[in-house]
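The values are calculated or read from the model by the stated rules, or taken from the named source; none is laboratory data. Only a predicted model underlies this, so the values are computations on that prediction, with no experimental measurement involved. Please note: Cβ atoms are built from the backbone with ideal geometry, for glycine as well, and neighbour counts cover all protein chains shown. SASA here: full protein model, heavy atoms, side chains in, ligands and nucleic acids out. Shrake-Rupley method; radii C 1.70, N 1.55, O 1.52, S 1.80 Å.
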Amino acid sequence: MVRVSRVLPGSICDEMGVVAGTELLSVNGRPLADFLDWEFLTADDELVIEARLPGGEEIVYELERPEGEPLGVELEPPNVRRCANKCEFCFIEGLPEGLRKPLYMRDDDYRLSFAYGNFATLSNLKERDFARILEYRLSPLYVSVHATPHEARKVLLNNPRVPDIVAQLRRLAEGGIQFHCQMVVVPGMNDGEVLEQSLADLWAFGDSVLSVALVPVGVTQFSHLYDGRPMDVENATRILDAVERWEARALASRDDRWVFGSDELYLLSGRPLPGAAHYGDFAQIENGVGAVASLRERVREGLDTLPRLDGRRIGVVTGVSMAALMPELLEQLRERTGALFEMLPMENSLFGPTTTTAGLLVGADIRRALEGRHDLDLALIPAETINDDGLFLDDERFVAVRESLPMPVHPSYDFVDVLALEGEPHLSGHAA
Ligand code: SF4
């Protein structure tokens, strides 16, 4: 059963009398377990839908859907599958105590992997899940591989019952499923030989493995399980060497880079970050692979849309890891707009100094950066720091933080998104 959360006005379901709270029980005789069943089973044009209205009345709708017309319902979010692993390096293990509950939830859900690109380890897949992935052709899936040698993977995932990922991928690949894979590389655990073996195993899948991202382990000051070495210049350089070796092979034989190092690896190693063309369609940008190149590209493309803002003083709050890259971008913005930009790189007060990502800054950091700065006309903060409910990771409300500060504060993804509107008189000087 899946429950309707919203019916779009004028849609087929609206005309049928479906209302929010209606339970959708089956489609063409097949019971509905979740949004995937609904999406795939309603792909037919002739539908018999069994439902239960909020008052308890059971009803059967028979309909012929005009080709391509959506049924017009939104469903309540599914119960997310929990992770059965206990990786020593899990970011959630590194969270401080006392944050809001959902932040501690470890999801490991192949359905979200298909629908939203969340990475899943596939270690909790049951026979029924395999059958659904193959029947519905849930492809591509985003898979946290971490290591292909079975023993190494058991240690990394801290789960002796973890299945053999090579056998799992093979079974799915034989059914036509493709994968974007990631390996979180932990020095001493899955670098060196394990990394080489894993890349060789994934390479052997041919076109079924679309890309592999190598991401360095992240350790906060609260990580208590992982006592290994953090990623350093030497390790990052060695991993990028492996990326380049496999990349050369992939370019030669499949005209595709196939393996990518995350931006953080380049920043850690001191190697220059590749340009946008390196990343193709940015398949793993949510994993921090090519995010800087994409930002540079968006700034370059958006410069012409920006108004003159001569003499305006604009503060730009960012994480420590972006401090080296920001001056070049701010200089381009200064040249184009005439505004005076000041970069404000902040240490993360919640996770500690080893967490340098801009998107993980918290409300307290934003306050610290901007309070008392009456000299600024405007401030930009990383939009990724705020969730859909308007909250920072430390539970501070964006609206409250903004109101406590002496200048208009705008969340921004790429500077251009906010600055392009600043020339419009009715928006100038107002907070988002
Ligand atoms: S798979 Fe590991 S890193 Fe991912 S959520 Fe589970 S414990 Fe954390």
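Being polar (S, T, N, Q), within 16 Å of the ligand (Cβ to nearest atom) and open to solvent by 70 Å² or more (accessible area, probe 1.4 Å) is the filter here; which residues of segment 62-105 pass it?
Within segment 62-105, none qualify.
Return the residues of segment 113-145 that are of a type outside the set (A, V, I, L, M, F, W, C), within 18 Å of Arg81 (Cβ to Cβ) and not in a helix (DSSP H, G or I); say none if nothing qualifies. Of everything in segment 113-145, those that are of a type outside the set (A, V, I, L, M, F, W, C), within 18 Å of Arg81 (Cβ to Cβ) and not in a helix (DSSP H, G or I) turn out to be Gly117, Asn118, Thr121, Ser123, Asn124, Lys126, Tyr136, Tyr142, Ser144.
Would segment 145-165 turn up any residue that is modelled with pLDDT of 95 or more, among the hydroxyl-bearing types (Ser, Thr, Tyr) and under 16 Å from Gln284 (Cα atoms)? No - not one qualifying residue is present in segment 145-165.
Whether a residue is touching a residue at least 60 places away in the same chain (Cβ under 8 Å) and within 28 Å of Met189 (Cβ to Cβ) was assessed, and Glu93 passes this test. Within segment 380-432, being crowded, with 19+ Cβ neighbours inside 10 Å, modelled with pLDDT under 95 and outside any loop (DSSP other than H, G, I, E, B) holds for one residue alone: Glu422.
Pull up segment 151-182, narrow it to residues that are more than 16 Å from the ligand (Cβ to nearest atom), part of a helix (DSSP H, G or I) and open to solvent by 50 Å² or more (accessible area, probe 1.4 Å), then point me to the one that is farthest from Val209 (Cα to Cα). Result: Glu151. Among all positions in segment 327-338, there is at least one residue which is within 24 Å of the chain's Cα centre (by Cα), part of a helix (DSSP H, G or I) and either more than 16 Å from Ala383 (Cα to Cα) or among the acidic types (Asp, Glu) (or both).
Considering each residue of segment 108-123 in turn, at least one proves to be surrounded by fewer than 19 Cβ atoms within 10 Å (Cβ to Cβ) and either more than 16 Å from the ligand (Cβ to nearest atom) or farther than 25 Å from Glu286 by Cβ (or both). Filtering segment 183-216 down to residues that are open to solvent by less than 10 Å² (accessible area, probe 1.4 Å) and in a helix (DSSP H, G or I), which residue is farthest from Gln168 (Cα to Cα)? Applying the filter and picking the extreme gives Leu195.
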